[in-house]
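Trainee: The structure that follows is given in the form of structure tokens.
The values are calculated or read from the model by the stated rules, or taken from the named source; none is laboratory data. Nothing here was measured: the structure is a model prediction, and the numbers come from that model. Positions of Cβ are backbone-derived with ideal geometry, glycine not excepted, and every protein chain shown enters the neighbour counts. Quick note on the areas: whole protein, heavy atoms, side chains included, nothing else; ligands and nucleic acids left out. Shrake-Rupley method; radii C 1.70, N 1.55, O 1.52, S 1.80 Å.
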Amino acid sequence: MNRMDGRVENPGLRQGIHVVAKPVGPLCNLDCGYCFYLEKRSLFGTNASYRMSDQVLSALIHNYAVSQPTPTAEIVWQGGEPTLAGLDFFKKAVREQRRYASQKTFKNSLQTNGTMLTDEWCAWLKQNHFTVGISLDGPEAIHNAYRGDRRGTGSFKSVLRGLRALQKHGVEYNVLACVARDTAKRPLEVYSFLKNEGVEFIQFLPVVERISGEEGSPRGSRLAGPAHLDEAENQQVAPWTVVPEEYADFLIAICEDWVRHDVGAVFVMNFEWALNAWIGNPSPVCVHAPRCGRAVAVEHNGDVYACDHFVYPEYLLGNVADDSLEQMVERSLTRGFGLSKQHSLPEQCRACPVLSGCWGGCPKQRFATTASGEPGLAYLCAGYRKFFLHIRKYLQPLAQLVAKGLPASRIMDSIPRSAG
């Protein structure tokens, strides 16, 4: 995690492989309304166990250790809900990683809904230096609007217990808050809540999902997969999808409050990423990088896909038991998955003043058309443009402070306390 405290990390120029691992595939104890991953059960059949075997786990760790060209191999354990694999599974994973300690330093992150975190879990996570991302969308009414179980019971209270356990045991954590359509209308309510709960690191993730077909019925499942350019005009967004300009307004309202009161104390990753781009560092996130393709998803059965958002048969690269991760990534790049993000940018994007901060967003969300009718525009384009244009007035003084080795928090001395 980067910190605006006078030093912004440079991720470096050497390209490594980033692994998102799914120890229980799409299994989850919640049934979040906007989840795009639960539908993946259709890929594996009704009798699938969705449990990563010891053999697949061993193959994954070995493959990653010998394939990763950088000194550090980082695994993000996701789901579904990865804690359903049980604590013993992660103890095995760490034991496997230690076998390669002379070759690689493994770093582990756990992305969880937080409902199953206990004192036992959190004590172990702390002891083994895990970073935890916990999903919490805001106050109870906002969070429970989408994040409930199959009985319709909201998960807020359980998530808050998990957050308290992380804090109690000193686990390094960040909050991932999804911004759905209704959430975007309540930015300061969300931000103030998270601050009051002691959260220091926050990432705001826009909810963008599509439903295809004339009647709004899903294509093969409740949500549509990646859009091909020639069918973009047939795509409809799901009712919980955030409105682009309202997503921008959400971030802008929080930025105006943050830049007056919280620089150096609260770290909003969306702002950190923008500053990285302004300074000229490579983007630490694939969404706003010129190219993608090095962040692969490894399913519970060892199958490797080009991206967590592209777990579809046409993006299957191989299996960790049979193929080198390095070679699979190279095949993906050679076939154009990563390069196409940059090469397929519409002319409107190439002429955009905020291109270096945005880079067209995630390819999965490029199903809109430009003013001239050219396909491949990011659905969130208007929102990204509005946000990046607005934040520029703060990025320059922040970058100057960083360049001088001064605390970024000094920017608060030069800005009126009121945003009006």
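Trainee: Quick check: residue separation of Ser49 and Arg350 times 0.36 nm, minus the Cα distance between them. What number comes out in nm? Write down the numbers at each step before the final one.
Mentor: Values: separation 301, 0.36 × 301 = 108.36 nm, distance 4.59 nm.
Difference between extended and current length: 103.8 nm.
Trainee: Another one. Along Cα→Cβ, 7 Å out, is where each label goes; now give me the distance between the ones at Ala321 and Val94 in nm to one decimal.
Mentor: Inter-label distance under the simple model: 2.7 nm.
Trainee: In straight Cα distance, which lysines are under 20 Å from Lys168, not counting same-chain residues fewer than 8 positions off?
Mentor: Hits, sequence-local ones excluded: Lys126, Lys157, Lys195.
Trainee: Turning to a different aspect of this structure: Considering only Leu325, Cys307, Ser102, whose Cα is most displaced toward the positive end of the charge dipole of the chain, charges sitting on Cβ of Lys, Arg (+1) and Asp, Glu (-1)?
Mentor: Ser102
Trainee: Choose one of Ile211, Gln68, Tyr50: the residue whose Cα lies farthest towards the positive end of the charge dipole of the chain (beta-carbon charges +1 Lys, Arg; -1 Asp, Glu; about the Cα centre).
Mentor: Comparing the listed Cα positions along the dipole, Gln68 ranks first.
Trainee: Here is a follow-up. Could you give the length gained on full extension between Leu87 and Ser58, defined as 0.36 nm per residue of separation minus the Cα-Cα distance, in nm?
Mentor: Working: separation 29, 0.36 × 29 = 10.44 nm, distance 1.64 nm.
That pair, Leu87 and Ser58, stretches by 8.8 nm at full extension.
Trainee: With unit charges on the beta carbons (Lys and Arg positive, Asp and Glu negative) and the dipole taken about the Cα centre of the chain, which residue among Gly25, Gly133, Ile411 sits farthest to the positive side?
Mentor: Projecting each Cα onto the dipole axis, the largest value belongs to Ile411.
Trainee: Accessible area per residue of the chain at 1.4 Å probe, in Å²? Walk me through the numbers before you get to the answer.
Mentor: Numbers: 17990 Å² over 420 residues.
Averaged over the residues of the chain, the accessible area is 43 Å².
Trainee: What net charge is computed for the residues neighbouring Phe193, neighbours being all others with C-beta under 11 Å from the C-beta of Phe193, Lys and Arg scored +1, Asp and Glu -1?
Mentor: Details: positive: Arg186, Lys195; negative: Asp137, Glu140, Glu189, Glu197.
Within the 11 Å Cβ shell, the charges total -2.
Trainee: State, to one decimal in nm, how far the label point of Gln342 lies from the label point of Leu205, with both points 7 Å from Cα in the Cβ direction.
Mentor: My value for the distance between the label points is 2.6 nm.
Trainee: Between Asn29 and Gln103, what is the spin-label point distance in nm, taking each point 7 Å from the Cα along the Cα→C-beta axis?
Mentor: The modelled label-to-label distance comes out at 3.5 nm.
Trainee: Restricting to lysines 8 or more places apart or on different chains, can you count the pairs in region 330-420 with Cα atoms under 27 Å from each other?
Mentor: So the count of such lysine pairs works out to 4.
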